[in-house]
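The values are calculated or read from the model by the stated rules, or taken from the named source; none is laboratory data. What you are looking at is a predicted structure, and each value in this text was computed from that prediction instead of being measured. All Cβ positions, glycine included, derive from the backbone under ideal geometry; neighbour counts span all protein chains shown.
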Amino acid sequence: MSRRRQLVELARTCLSALIELVLRLEAETRALRSEVKELKDRLALSSRNSSKPPSTDGLAKPAPKSLRKRTGRRRGGQPGHPGRTLQPVDEPDHLVLHALGRCPCGLCQGRSLRNEPVVDYEKRQVFELPRKLLEVTEHQAEIKRCPVSGRLVTAAFPESIGAPAQYGPRFRGLMIYFNNRQFIPYDRLTEVSEDVFGQPLSEATVVAANQRVYGHLAPFEQELKVLLPQAPLVHADESGLRVAGKLHWLHVVCTPCLTFYGVHRKRGRQAMDEFDILPRCRGWMVHDHLKAYFTYKDCLHALCNEHHLRELKFLHEEHHEAWAEELSTFLLEAKARVEQHGVLEEQDFKQAMRRYHAILAKGRRRHPRRQGRQAQSKAANLLDRLEDYDWSVLAFLFDSQVPFTNNQGERDIRMEKVRQKISGCFRTLHGARVFARIRSYISTCRKQGRTILDELENAVRGKPFIPSLATRGP
């Protein structure tokens with residue numbers, strides 16, 4: 001082989017290696033750019049533009065930017081708002097009389113008024129706690145001797161009094177309220193009892209009170225499972241819960257008048273089937289697009305548009321997707337129109353649906369649907385959902401009972417996450433279920449306009465409030 005041919009072969013080999021190196025570097029560069037983009041997107045996620053909770057925003061979180069548009073109304077309470085001003089009562093517990101000795105008018109040189117009749121009273125009331133918050137009632141059972149047998153016999157105590165010294169049902173109801181409504185942990189409850197009531201309290205007393213009410217609330221929970229499937233619309237949501245160091249799921253099914261909480265090891269249909277509420281629903285179910293909800297075919301599905309607005313906000317702010325901002329504007333304008341004029345007629349709804357799909361088409365041109373198992377961008381995945389479930393997205397436009405968001409479900413589940421932040425995880429699955437059932441009762445009583453402490457006292461006595469279809473909220 002001539003030297004010239006050797007040089008040509010060497011050049012070809014070097015060129016081939018160089019091309020292979022360039023191609024490999026290009027592939028690595030694309031992968032790195034994709035990874036950097038994904039990491040930047042992850043850093044840009046916050047509670048404003050995703051489903052992340054506000055607690056994950058950190059201390060350096062940006063100023064909040066609401067998705068709501070300006071209405072032109074002034075800040076604060078609006079005309080007609082009832083307010084929360086302290087009002088005097090008709091029958092005060094105590095009366096303090098301030099006598100008028102001498103006249104303060106300044107014209108009579110302080111003439112004595114002691115013998116003058118009282119014309120009227122100016123009244124002012126002070127609301128204050130009594131010095132002694134915990135009263136002790138001693139029950140004494142008479143002991144007598146039978147004149148026939150000569151034996152000593154004793155009168156029967158009430159069934160609820162079984163110990164020489166015990167806490168009453170109202171006090172135990174208050175401890176249950178503090179623990180399950182205000183999320184005060186057991187150890188701090190002992191401090192509250194000693195500091196406020198002057199009485200030491202063991203943690204076991206609160207645990208036993210919770211356990212007692214949990215057993216008494218079994219009929220209440222069973223009635224919830226009967227009533228909720230009969231509701232024309234229910235809200236459903238779920239959120240992670242730490243139990244015994246492992247991830248479990250807190251499920252909620254609710255209406256404006258009823259609340260059911262359940263804890264399960266699973267997130268999807270297995271848990272929902274065991275709770276046996278959603279499988280029997282025949283009306284509307286509002287949720288956040290978890291696939292397990294769509295496995296129930298006998299009900300109508302409506303999706304939470306607040307989730308959509310947050311995702312669209314992220315795409316517009318971080319990826320500069322114009323169609324995302326246009327769709328957000330469309331949804332908010334449609335919401336405002338329904339609030340002002342009611343649901344759309346058939347012709348108007350069809351027109352709104354055409355505009356909706358026209359906006360999605362703009363996004364689809366930038367993010368075409370991929371076939372098979374190829375990974376898609378977040379924008380493409382969102383477009384798939386918005387296209388495939390268009391009727392569920394726009395259900396609020398044609399049915400007046402369908403809300404724009406799933407805020408009812410999210411509000412009902414949010415405070416349970418707060419409890420986990422304050423008191424930590426649950427040690428046992430049974431303890432988590434005790435909490436869930438008591439919270440179901442407290443939330444339902446509150447929605448029904450009932451006094452929570454009174455109803456907890458009734459639950460301690462074994463006579464809990466049982467809701468019915470005729471029951472309505474305040």
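Numbers below:
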item	result
Per-region count, region 1-49, residues of a type in the set (K, R) and either at pLDDT below 70 or within 30 Å of S377 (Cβ to Cβ) (or both)	7
Contacts under 7 angstrom Cβ, first residue in region 227-240 being under 12 Å from L300 (Cα atoms) and free of Cβ contacts under 8 Å to residues at least 40 places away in the same chain, partner among the small types (G, A, S) and surrounded by fewer than 16 Cβ atoms within 10 Å (Cβ to Cβ), 6 or more apart	none
S160 vs. criteria surrounded by 10 or more Cβ atoms within 10 Å (Cβ to Cβ) and on the phi < 0 side of the Ramachandran plot	yes
Scope region 146-155; condition in contact with a strand residue (DSSP E or B) (Cβ under 7 Å, 6 or more places away or on another chain) and surrounded by 10 or more Cβ atoms within 10 Å (Cβ to Cβ); matching residues	V153
Residues that are charged (D, E, K, R) and either out of contact with any helix residue (DSSP H, G or I) (no Cβ under 8 Å at 6 or more places or on another chain) or not assigned by TED's automatic domain parsing to the domain that holds S440 (or both), drawn from region 150-199	R151, E159, R188, E191, E194, D195
Sole residue being assigned to a strand (DSSP E or B), of a type in the set (G, A, S) and buried (at least 18 other Cβ atoms within 10 Å of the Cβ), chosen from A292, A302	A302
Residue list for region 253-292, restricted to those being of a type in the set (V, I, T) and over 22 Å from A432 (Cβ atoms)	T255, V286
Cβ pairs under 7 Å, 6+ apart, first in region 324-349 and in a helix (DSSP H, G or I), second surrounded by fewer than 16 Cβ atoms within 10 Å (Cβ to Cβ)	F330/R355; L332/K69
Which numbered condition L312 misses (of (1) part of a helix (DSSP H, G or I); (2) over 25 Å from the mean Cα position of the chain (by Cα); (3) hydrophobic (A, V, I, L, M, F, W, C))	(2)
Within region 138-167, considering residues that are within 24 Å of R212 (Cα to Cα) and in contact (Cβ under 8 Å) with a residue 12 or more places away in the chain, the one nearest to the chain's Cα centre (by Cα)	Y167
Set P92, P104, P79: member being modelled with pLDDT of 65 or more, in a loop (DSSP other than H, G, I, E, B), outside the structural domain of I422 (by TED's automatic domain parsing) and surrounded by 11 or more Cβ atoms within 10 Å (Cβ to Cβ)	P92
Within region 182-221, considering residues that are closer than 23 Å to V252 by Cβ and hydrophobic (A, V, I, L, M, F, W, C), the one surrounded by the fewest Cβ atoms within 10 Å (Cβ to Cβ)	A218
So Y261, is it in contact with a strand residue (DSSP E or B) (Cβ under 9 Å, 6 or more places away or on another chain), among the hydroxyl-bearing types (S, T, Y) and either assigned to a strand (DSSP E or B) or surrounded by fewer than 15 Cβ atoms within 10 Å (Cβ to Cβ) (or both)	yes
Matching entry among L456, L382 (being crowded, with 19+ Cβ neighbours inside 10 Å, under 20 Å from A324 (Cα atoms), in contact with a helix residue (DSSP H, G or I) (Cβ under 7 Å, 6 or more places away or on another chain) and not β-branched (V, I, T))	L382
Checking P467 against (1) touching a Cys at 6+ places or on another chain (Cβ under 8 Å); (2) not in a loop (DSSP other than H, G, I, E, B), the condition it does not meet	(2)
Residues (within 15 Å of F435 (Cβ to Cβ) and crowded, with 20+ Cβ neighbours inside 10 Å) located in region 222-247	L241, V243
